[in-house]
């Protein structure tokens, strides 16, 4: 048989559903010592979005869009590197651009 458990006074206090436990001003001191939020919260997403747009423009200009080989079943089945390598580069560039857009659109807490 298990011995009866002793009820911890702190646990009992927390179970009473009190909204606030008196802490002699500790919470206020901690909150006042935290750094103030930056007023330039828009700067990081704006810079990230600008660099992403610049990357998009450069990828449109520099990637060989007209010279990409067609993706057909035999090339995919054989894993032909002459066909898949250019498409892999395009995929990586597009994924990086999407990642930049998603990162720029997320709000900071």
Sorted by Cβ density within 10 Å, fewest first, the residues 44, 29, 36 | 36, 29, 44
When only Cα pairs under 8 Å and 6 or more residues apart are kept, what is the percent relative contact order across the chain?
-> 35
Given the Cα-Cα distance of residue 22 and residue 41 and 0.36 nm per residue of separation, how much length would full extension add, in nm?
-> 3.4 nm
Fewest-first sequence of 12, 66 by Cβ atoms within 10 Å of each Cβ | 66, 12
For every helix of n ≥ 4 consecutive DSSP H residues, a contribution of -39,500 (n - 2.57) applies; sum these over the chain, divide by its total residues, and give [θ] at 222 nm rounded to the nearest 500 deg cm²/dmol.
-> -19500 deg cm²/dmol
So how tilted is helix 43-62 from the main axis of the chain? Cα-based, degrees 0 to 90, rounded to 10.
-> 20
Using only the Cα atoms, what convex hull volume per residue in Å³ does the chain have?
-> 274
Relative contact order [Cα under 8 Å, 6+ residues apart], the stretch 43-105, whole percent = 58
Kirkwood Rh in Å, taken over the stretch 43-105 so that all alpha-carbon pairs contribute | 13.1
Label points 7 Å out from Cα along the Cβ direction at residue 60 and residue 11: separation in nm?
-> 6.4
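Values in this text are rule-based calculations from the coordinates and carry no lab data. This one's a predicted model, so the numbers in the text were calculated from it and none came from an experiment. All Cβ positions, glycine included, derive from the backbone under ideal geometry; neighbour counts span all protein chains shown.
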